[in-house]
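The values are calculated or read from the model by the stated rules, or taken from the named source; none is laboratory data. For clarity, every value in this text was computed on a predicted model and none was experimentally measured. Glycine also receives a Cβ, built like all others from the backbone with ideal geometry; neighbour counts cover every protein chain displayed. Remember, those area values only see protein heavy atoms, side chains included, never the ligands or the DNA or RNA. Shrake-Rupley method; radii C 1.70, N 1.55, O 1.52, S 1.80 Å.
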There are 2 protein chains.
Amino acid sequence: MRTRPLKVALLGCGVVGSEVARIMTTHADDLAARIGAPVELAGVAVRRPSKAREGIDPALVTTDATALVKRGDLDVVVEVIGGIEPARTLITTAFEHGASVVSANKALLAQDGAALHAAAEQNGRDLYYEAAVAGAIPLIRPLRESLAGDKVNRVLGIVNGTTNFILDKMDSTGAGYQEALDEATALGYAEADPTADVEGFDAAAKAAILAGIAFHTRVRLDDVYREGMTEVTAADFASAKEMGCTIKLLAICERAADGASVTARVHPAMIPLSHPLASVRGAYNAVFVESEAAGQLMFYGPGAGGAPTASAVLGDLVAVCRNRLSGATGPGESAYAALRVSPMGDVVTRYHISLDVADKPGVLAQVATVFAEHGVSIDTVRQQGKDGEASLVVVTHRASDAALNGTVEALRKLDTVRGVASIMRVEGE
Amino acid sequence: MRTRPLKVALLGCGVVGSEVARIMTTHADDLAARIGAPVELAGVAVRRPSKAREGIDPALVTTDATALVKRGDLDVVVEVIGGIEPARTLITTAFEHGASVVSANKALLAQDGAALHAAAEQNGRDLYYEAAVAGAIPLIRPLRESLAGDKVNRVLGIVNGTTNFILDKMDSTGAGYQEALDEATALGYAEADPTADVEGFDAAAKAAILAGIAFHTRVRLDDVYREGMTEVTAADFASAKEMGCTIKLLAICERAADGASVTARVHPAMIPLSHPLASVRGAYNAVFVESEAAGQLMFYGPGAGGAPTASAVLGDLVAVCRNRLSGATGPGESAYAALRVSPMGDVVTRYHISLDVADKPGVLAQVATVFAEHGVSIDTVRQQGKDGEASLVVVTHRASDAALNGTVEALRKLDTVRGVASIMRVEGE
Ligand SMILES: NC(=O)c1ccc[n+]([C@@H]2O[C@H](COP(=O)([O-])OP(=O)(O)OC[C@H]3O[C@@H](n4cnc5c(N)ncnc54)[C@H](OP(=O)(O)O)[C@@H]3O)[C@@H](O)[C@H]2O)c1
Ligand SMILES: NC(=O)c1ccc[n+]([C@@H]2O[C@H](COP(=O)([O-])OP(=O)(O)OC[C@H]3O[C@@H](n4cnc5c(N)ncnc54)[C@H](OP(=O)(O)O)[C@@H]3O)[C@@H](O)[C@H]2O)c1
């Protein structure tokens, strides 16, 4: 074993970074044995230098992250600051100064992954980011390496723990969105500003990363259709239950049947209780991967949290360090397939639509005609009367999002339709 | 991209090998793009040269596997013959002649993994075998690479599809073992000689491989405690149901609480219906991995079959080819921890014991005394009378296998105990 240590700088020492530092210290011998050389924490960049940080030598702490990544003697830079800047510039600078990079930053990777991969490649360095998607769950590596000889057709999963916690609460207690969110916040599962989670931005970033890797093509964050879960109601859960379903916020990346284009989207959807994703509780994550030869695989585990995320970061750190020692680099960006990313209108799935309608004869026939005119075939209709008003619950067969939207627009124009109470996609069947 | 192809020899062209060859041909462009060079099928060794093999150039087919691996111009040898010899000698010879090796051979890897890894290392070549455990499910790579910065404490899973199919049938239909086995055989899920599967040899080989990788230590096949599932009865399933459990053949690799030793075992066990492994149907496999930082991860998918297994083989092939191009090798054997493998007697778990006893007062007290004398604490007892005879069903708290065996031996000596109808471990709680 080499005795000269590999030098690692830590950018950020918060929830994730502090766990990375802790494990690097407490498990130093194991890491050294697995890498083939010791690793040394060469510096820790933070915002607040005076904050007490257990187990970290204060002499290593700096607020000058730029100077740290420019030292020139670093083997690996671990970026766990988060956000776009200064993380992006720091990573690029790290590559220019000869370091490889491990990051947990989904927002940055989803937005600038291509440029960062290019910077890594130009400098002959590695960019690894297993922790950016689904925390501790090995997902990027299996997609990028284990399935490198297969053709992935679909990735479907729960990749945001905060929203899964909220939806799980709503499902199990009948609580409304706000009440469940408040509990998630109180328990530390939701941040003070939960926008990134509940509006689906976080899941959309992960979907962009996953789709890119799974399909060997570039998928930009803007390419991902995104619908948050703030409008999911207790009534939606009641409808879901009647159908033997629950509601999950799903990230879905699919290859079109013709193989020439892909789609990526994030939205709440009903899934059957018999589907394994339906029983993913609390803040856990789970992702299904469907590929041509392997068939259906599922990966399940803690999607966030300091220690789980640090586990993923350290797995990457070991890999990147091994590569440094052997003078090689791991797989870089693979975007050779250059597939078209189709708009949401092209996505084909099933829908659950609740309509408030006038309770009089002929309404069902009118509504059914509208569906038929738009080529959306109906699977089941349930009619419920309530004092002169009635509700119609329609579940469709598979239809394109565009056709469904056309249908809904036309339904709204019917004067027997008082309103469209909810539209939800039905997945996982 | 390099245009000179990498040369791959295929040893064996049966269920798995024919799928490997098919995908190498039909997905040649994708493989080339992902590897960075085309791959060429340089030869196919089989036993029966005259058998028609769709899509394979007859000029490539040979019965002289030894001459094939000695060619000296091969980059990778894919061994999908199975069994110990000639596979072992062919792999060693392949290394000596400069090739890296991808294998799906759990029997060989479990028996001779250390020697084969040493041969690979001596020759500066790779030995990859993702397909040897749990077919298509990425498991070896996640354990070896994704969790390389973490400390795995437990691996628990269903790693044999044949026995899971049989047990699932018994559970869902109430069939006995033989009837369920016959159905598995008729449907092609069990081989004509099912011994390796039903006696747990196949799962034990996988447990040895998994334990070795998970704990960074050498675990020999002989170190794995093995109990088959041929004696599981419909009555056992009925008892399991009463406890809210089902029965699965589990492979369990554990680190002892003191961290200094490990155990590996394969046996049927009751697990609660609420445990995710309980709902693993048919020939599917699923494996839980518990580690210090990541917590509980689960990997699920098809554990066998030509195409799924080929997916894993091809993932390895891509990795090994990339390593060839970069002049590096991937992670080799990691056995630095050199932990003691404890015998089965040290394993601590819970037990479900059915006793046939005389239906008279004082029997329960006698039985309870025997448990207490051996330090095995009882969780619940259920007593059922049936015409002068009675049965006692005891579920224990956690106790060592040695203590349980001592208890059972003493129970058999009681003249009020007519017989020990069944003993089954209870896991996953
Ligand atoms: N938390 C999770 O469960 C989780 C899961 C998966 C991925 N991630 C990702 O991991 C990354 C880190 O998340 P986190 O939860 O650890 O965040 P965090 O707790 O907010 O920690 C951020 C760290 O960065 C430091 N920092 C902020 N601005 C800085 C600057 N300009 N220069 C130097 N240091 C700066 C902070 O310093 P101070 O300590 O002085 O404030 C803090 O140590 C993010 O990309 C996140 O998306 C997190
Ligand atoms: N089948 C699965 O689902 C599965 C799953 C995971 C792992 N595996 C592993 O994959 C390996 C292959 O399994 P399989 O199911 O593909 O076996 P298989 O269908 O029996 O195929 C074995 C192949 O090896 C050839 N062969 C046998 N002896 C040979 C010799 N002395 N020299 C050259 N070729 C020889 C056979 O030739 P002929 O074609 O002429 O008979 C046949 O093509 C085994 O290690 C198995 O444990 C299999």
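Quick notes on this one:
- Some residue of region B:246-258 being in the same structural domain as B:Ala286 (by TED's automatic domain parsing), surrounded by fewer than 20 Cβ atoms within 10 Å (Cβ to Cβ) and within 28 Å of B:Ala115 (Cβ to Cβ): yes
- Screening the candidates A:Val394, A:Val381 for the property of being buried (at least 19 other Cβ atoms within 10 Å of the Cβ) and farther than 14 Å from A:Asp359 by Cβ yields one hit, A:Val394.
- For region A:283-330, the set of residues classified as more than 7 Å from chain B (Cβ to nearest Cβ), more than 22 Å from B:Phe288 (Cα to Cα) and open to solvent by less than 10 Å² (accessible area, probe 1.4 Å) consists of A:Val320, A:Cys321, listed by residue number.
- Any hit, region B:40-49, residues being touching a Cys at 6+ places or on another chain (Cβ under 6 Å) and more than 16 Å from ligand 2 (Cβ to nearest atom): no
- Enumeration of residues in region A:111-131 that are within 14 Å of chain B (Cβ to nearest Cβ), outside any loop (DSSP other than H, G, I, E, B) and open to solvent by 30 Å² or more (accessible area, probe 1.4 Å): A:Glu121
- Index of the failed condition, B:Asp150 passing every other in (1) more than 30 Å from A:Cys321 (Cα to Cα); (2) in a loop (DSSP other than H, G, I, E, B): (1)
- Selection over region A:62-107 of residues that are aliphatic (A, V, I, L, M) and free of Cβ contacts under 8 Å to residues at least 24 places away in the same chain gives a count of 1.
- Among the criteria (1) closer than 30 Å to A:Gly149 by Cα; (2) touching a residue at least 60 places away in the same chain (Cβ under 8 Å), the one A:Ala257 does not fulfil is (2).
- Applying the condition of being closer than 21 Å to A:Val289 by Cα and open to solvent by 30 Å² or more (accessible area, probe 1.4 Å) to region B:263-282 and asking which residue is farthest from the other protein chains (Cβ to nearest Cβ) yields B:Arg281.
- Restricting region A:43-84 to residues that are among the acidic types (Asp, Glu) and touching a helix residue (DSSP H, G or I) at 6+ places or on another chain (Cβ under 8 Å), the residue that is most open to solvent (accessible area, probe 1.4 Å): A:Glu54
- Where B:Ala240 falls short, out of the listed (1) open to solvent by 40 Å² or more (accessible area, probe 1.4 Å); (2) more than 10 Å from every other protein chain (Cβ to nearest Cβ); (3) more than 17 Å from the chain's Cα centre (by Cα): (1)
- Residue in region B:7-29 that is over 21 Å from B:Thr92 (Cβ atoms), assigned by TED's automatic domain parsing to the domain that holds B:Phe95, more than 28 Å from the chain's Cα centre (by Cα) and open to solvent by less than 20 Å² (accessible area, probe 1.4 Å) present: no
- The residues listed here are B:Ala37, B:Ala134; of these, the one that is open to solvent by less than 10 Å² (accessible area, probe 1.4 Å), more than 19 Å from B:Gly12 (Cβ to Cβ) and near ligand 2 (Cβ under 9 Å from one of its atoms) is B:Ala134.
- Within region A:344-357, not a single residue is open to solvent by 60 Å² or more (accessible area, probe 1.4 Å) and farther than 27 Å from A:Val219 by Cα.
- Taken over region B:59-77, residues that are more than 10 Å from ligand 2 (Cβ to nearest atom) and either within 14 Å of another protein chain (Cβ to nearest Cβ) or at pLDDT 95 or above (or both) amount to 11.
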